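Below is one structure; the comments refer to it alone.
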Amino acid sequence: MTASSAAPRAGYEIAAQADLGPLNTFRVPVRTACLATLHDAQALAALFAEPLLAEASKLFVLGGGSNVLFTRDFDGAVLRVASRGIEVIEETAAAVGLRVAAGENWDGLVRWTLRRGLAGLENLILIPGTVGAAPIQNIGAYGVELDEFVTRVEAWDFARRAMVRLEAKACGFGYRDSRFKREAGRYLVAAVELELPRERELRLDYAGVRDELAAMAVGKPAHADVARAVERLRRRKLPDPAEIGNAGSFFKNPILGAAEATALQSEHPDLRMYRFPDGRTKLSAAAMIEACGFKGRRDGRVGVSHRHALVLVNHGGASGAEVWVLAERIRAAVQSRFGIMLEPEPRIL
């Protein structure tokens, strides 16, 4: 049985020995012993009672496949969340509350909010993946992070075997981090509740946004103008996964304490850094990788994008193991030169 001949059930489908190649943006060839596709979160209890899932040695939850690298075939069960729905749950003169199903496309949600005049998510346009994956990674871009807008996350708790609603404070959000990531395997995100303002001060002081608006001849930008500027920046800097296999930024920007950052800057005065008000400092992982000579380098079927040093690419036919070998080489080079061990942003399996 293959994914194309998945057996339909009420709210889900199940397939044995399924191909995951089309379901990961690195486009690495990989298979799983069992693939379950969830269309309705209310069917979770029935789904987990299915023998193929109940007997699986391990379970991996897959969203849009844009934040994962499979280095080999997966010998457990993969659960792909494909639920849909955007619901207005509260509305005031100042803000709108939304409940968004985990399987919704993130970029599609951002564009939905912009069409309705809602503010806040414009800097997060064109980020690949699903809404359900967004709080796990606490996605962020161009000076904005998701946790600024999350009010609650609805999730299946494997420990309780029940659905729970976690308030934002209970989600443990951090830089590209959350409780869901730290407690991997405990929660399956079913829906995300957001509160979006109708008006909000624009975030323009990050990575060329003002320059892009000036190039667009926009003197008094609105939220939609910022979204267009960010989209233009991202399309120039980041390769499209539909054209070449990649998972966007592969490494996190390291964050150091004030003393560590000062010492590092004394050794490498040209290294790009961004200091937070609390004294912490974010380093540019891309700048370190580029300084080590990896930007644009090709190594057989894998390489580093010539557009952005944070993006590892599959030039065609590469395995996930090949991608990971290159990632390890980059990490070793950066550690040798700067004393910093880069942390991968995607989940490595």
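The values are calculated or read from the model by the stated rules, or taken from the named source; none is laboratory data. Remember, predicted model here, so these are calculated numbers, not experimental data. Don't worry about glycine lacking a Cβ; one is built from the backbone with ideal geometry, like all the others, and counts go over all protein chains shown.
Can you go through 232, 236 and tell me which one is more than 21 Å from residue 337 (Cα to Cα), free of Cβ contacts under 8 Å to residues at least 40 places away in the same chain and assigned to a helix (DSSP H, G or I)? So that I can check it myself, show each step before the final result.
Numbers: 236 fails: free of Cβ contacts under 8 Å to residues at least 40 places away in the same chain.
On inspection, the qualifying residue turns out to be 232.
Here is a list: 52, 47. Which entry is within 26 Å of residue 163 (Cα to Cα) and modelled with pLDDT under 90?
On the way: 47 fails: modelled with pLDDT under 90.
Answer to the check: 52.
Which one of these is part of a strand (DSSP E or B), among the β-branched types (Val, Ile, Thr) and either touching a Ser or Thr at 6+ places or on another chain (Cβ under 7 Å) or on the phi > 0 side of the Ramachandran plot (or both): 153, 78, 61? So that I can check it myself, show each step before the final result.
Details: 153 fails: either touching a Ser or Thr at 6+ places or on another chain (Cβ under 7 Å) or on the phi > 0 side of the Ramachandran plot (or both); 61 fails: either touching a Ser or Thr at 6+ places or on another chain (Cβ under 7 Å) or on the phi > 0 side of the Ramachandran plot (or both).
When all the criteria are applied, what remains is 78.
With the requirement that a residue be surrounded by fewer than 21 Cβ atoms within 10 Å (Cβ to Cβ) and in contact with a Pro (Cβ under 8 Å, 6 or more places away or on another chain), what does segment 145-163 give you?
147
Can you confirm whether segment 225-244 contains a residue that is surrounded by fewer than 18 Cβ atoms within 10 Å (Cβ to Cβ) and among the small types (Gly, Ala, Ser)?
Among the residues of segment 225-244, at least one is surrounded by fewer than 18 Cβ atoms within 10 Å (Cβ to Cβ) and among the small types (Gly, Ala, Ser), which makes the answer yes.
So residue 28 fits all but one of (1) more than 20 Å from residue 246 (Cβ to Cβ); (2) crowded, with 23+ Cβ neighbours inside 10 Å; what number is the exception?
Single failed check for residue 28: (1).
Going by the structure shown, is residue 134 surrounded by 14 or more Cβ atoms within 10 Å (Cβ to Cβ), in contact (Cβ under 8 Å) with a residue 60 or more places away in the chain and not assigned by TED's automatic domain parsing to the domain that holds residue 36?
Details: surrounded by 14 or more Cβ atoms within 10 Å (Cβ to Cβ): yes; in contact (Cβ under 8 Å) with a residue 60 or more places away in the chain: no; not assigned by TED's automatic domain parsing to the domain that holds residue 36: yes.
So residue 134 fails the test.
Within segment 185-204, identify whether any single residue is hydroxyl-bearing (Ser, Thr, Tyr) and in a loop (DSSP other than H, G, I, E, B), and answer yes or no. Give the derivation first.
Kept after step one, since they are hydroxyl-bearing (Ser, Thr, Tyr), are these residues of segment 185-204: 187.
Then drop every residue that is not in a loop (DSSP other than H, G, I, E, B), which leaves none.
No, that holds for no residue.
Any chance segment 30-38 includes a residue that's outside any strand (DSSP E or B) and of a type in the set (A, V, I, L, M, F, W, C)?
Of all residues in segment 30-38, those outside any strand (DSSP E or B) come to 30.
After this cut, where a residue has to be of a type in the set (A, V, I, L, M, F, W, C) as well, the list is 30.
Looking for residues that are outside any strand (DSSP E or B) and of a type in the set (A, V, I, L, M, F, W, C), one finds at least one in segment 30-38, hence yes.
With the structure loaded, tell me whether residue 261 is touching a Phe, Trp or Tyr at 6+ places or on another chain (Cβ under 8 Å), of a type in the set (Gly, Ala, Ser) and either outside the structural domain of residue 181 (by TED's automatic domain parsing) or more than 20 Å from residue 139 (Cβ to Cβ) (or both) or whether it fails that test. Walk me through it before giving the result.
Numbers: touching a Phe, Trp or Tyr at 6+ places or on another chain (Cβ under 8 Å): no; of a type in the set (Gly, Ala, Ser): yes; either outside the structural domain of residue 181 (by TED's automatic domain parsing) or more than 20 Å from residue 139 (Cβ to Cβ) (or both): yes.
No.
Out of curiosity, is residue 230 in contact with a Phe, Trp or Tyr (Cβ under 9 Å, 6 or more places away or on another chain), outside the structural domain of residue 57 (by TED's automatic domain parsing) and at pLDDT 95 or above?
Details: in contact with a Phe, Trp or Tyr (Cβ under 9 Å, 6 or more places away or on another chain): yes; outside the structural domain of residue 57 (by TED's automatic domain parsing): yes; at pLDDT 95 or above: yes.
It is true that residue 230 is in contact with a Phe, Trp or Tyr (Cβ under 9 Å, 6 or more places away or on another chain), outside the structural domain of residue 57 (by TED's automatic domain parsing) and at pLDDT 95 or above.
Which helices (runs of 4 or more DSSP H) sit wholly inside segment 247-349 and have at least 2 residues that are within 21 Å of the chain's Cα centre (by Cα) and crowded, with 20+ Cβ neighbours inside 10 Å? Quick ask: steps written out before the conclusion?
Numbers: elements: 258-267, 285-291, 320-338.
Counting at least 2 such residues, we get 285-291, 320-338.
I'd like the full set of residues that are small (Gly, Ala, Ser) and under 16 Å from residue 29 (Cα atoms), limited to segment 297-325. Steps first, answer last, please.
Of the residues in segment 297-325, the ones small (Gly, Ala, Ser) are 300, 303, 305, 309, 316-321.
Scanning segment 297-325 gives 316, 317, 318, 319, 320, 321.
Taking the criterion of being free of Cβ contacts under 8 Å to residues at least 60 places away in the same chain, buried (at least 23 other Cβ atoms within 10 Å of the Cβ) and over 16 Å from residue 348 (Cα atoms), would at least one residue in segment 45-54 satisfy it?
Within segment 45-54 (the criterion being free of Cβ contacts under 8 Å to residues at least 60 places away in the same chain, buried (at least 23 other Cβ atoms within 10 Å of the Cβ) and over 16 Å from residue 348 (Cα atoms)), the answer is yes, since at least one residue qualifies.
Of the residues that make up segment 61-69, is at least one surrounded by fewer than 13 Cβ atoms within 10 Å (Cβ to Cβ), within 18 Å of residue 184 (Cα to Cα) and touching a residue at least 40 places away in the same chain (Cβ under 8 Å)? Step through it out loud before you land on a result.
Narrowing segment 61-69 to residues surrounded by fewer than 13 Cβ atoms within 10 Å (Cβ to Cβ): none.
Taking every residue of segment 61-69 in turn, none turns out to be surrounded by fewer than 13 Cβ atoms within 10 Å (Cβ to Cβ), within 18 Å of residue 184 (Cα to Cα) and touching a residue at least 40 places away in the same chain (Cβ under 8 Å).
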